[in-house]
Amino acid sequence: MKSVEVLSLCLSVFLIIAFTIGGLFLTRPETFVQALSPQQSINGQITVPLDVADSIFNENTTTFLGSKNISLTPYRMTESHHTDQGFLKGVGNVTNNQTYIDTYLSDTLVQSIGNGTFETPDGKSIAWISSAIGKSVDDRWVFYGIRLFNSTQNESLSLLNNSIGLSKSVLGNETDYMWILK
């Protein structure tokens with residue numbers, strides 16, 4: 001469990017640094033527009049933003065199971081529990097059971113670490129850990145994260161074995177998505 005916490009902390013620090021440094025270079029509106037357009041990469045291949053059609057997992061039903069305050073100083077920290085019902089390509093319907101520790105760095109920025117499992121209706125599962133950064137956008141929290149999957153002996157979920165997922169989650173009534181890095 002200690003190694004999971006260390007890895008999650010490292011991922012959190014990486015994401016905070018990456019988002020902070022990335023934000024420093026987006027000083028002009030046209031720079032942001034160029035970042036969203038297909039770009040020529042160093043090796044000559046065109047790269048494009050993540051497309052929801054390419055996502056491997058999407059969910060649109062979240063059940064909030066509860067939360068508790070952990071600390072108020074130096075930052076407010078909460079622990080929350082959720083269950084999502086979603087669809088995993090190649091598998092079908094799955095339940096995503098999850099627990100997150102959120103650290104509110106400001107009124108508009110949250111650092112989040114979590115863990116959980118994807119479970120099939122027949123009880124097969126795969127565990128994961130994650131780290132995410134949440135921003136308040138138009139009175140909703142939008143989280144961008146990275147999720148590291150463990151391995152499983154279950155054949156249907158083996159497509160996730162030791163994989164890394166990128167996720168976008170919006171609190172509220174919007175579909176959340178996850179893409180697998182290849």
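The values are calculated or read from the model by the stated rules, or taken from the named source; none is laboratory data. Keep in mind the model is a prediction, meaning the values are calculated, not measured. Because the Cβ atoms are built from the backbone with ideal geometry, glycine has one as well, and the counts that use them run over all protein chains shown.
Of all the listed residues (Asn115, Asn154, Asn162, Asn97), the sole one being outside any loop (DSSP other than H, G, I, E, B) and either surrounded by fewer than 19 Cβ atoms within 10 Å (Cβ to Cβ) or touching a His at 6+ places or on another chain (Cβ under 6 Å) (or both) is Asn97. Starting from residues that are among the β-branched types (Val, Ile, Thr) and at pLDDT 60 or above, keep the ones in segment 28-81 and report whichever is surrounded by the most Cβ atoms within 10 Å (Cβ to Cβ). Among those that are among the β-branched types (Val, Ile, Thr) and at pLDDT 60 or above, it is Thr62. When you scan segment 145-154, do you find a residue that is among the aliphatic types (A, V, I, L, M), farther than 23 Å from Tyr104 by Cα and in contact with a strand residue (DSSP E or B) (Cβ under 7 Å, 6 or more places away or on another chain), even just one? No, every residue in segment 145-154 fails to be among the aliphatic types (A, V, I, L, M), farther than 23 Å from Tyr104 by Cα and in contact with a strand residue (DSSP E or B) (Cβ under 7 Å, 6 or more places away or on another chain). For segment 128-136, the condition holds for no residue, the condition being that it is within 19 Å of Glu59 (Cβ to Cβ), in contact with a strand residue (DSSP E or B) (Cβ under 9 Å, 6 or more places away or on another chain) and of a type in the set (Lys, Arg).
As a summary of the residue check, Gly145 satisfies the conditions (1) closer than 22 Å to Leu65 by Cβ; (2) outside any strand (DSSP E or B); (3) modelled with pLDDT of 95 or more except for the one numbered (2).
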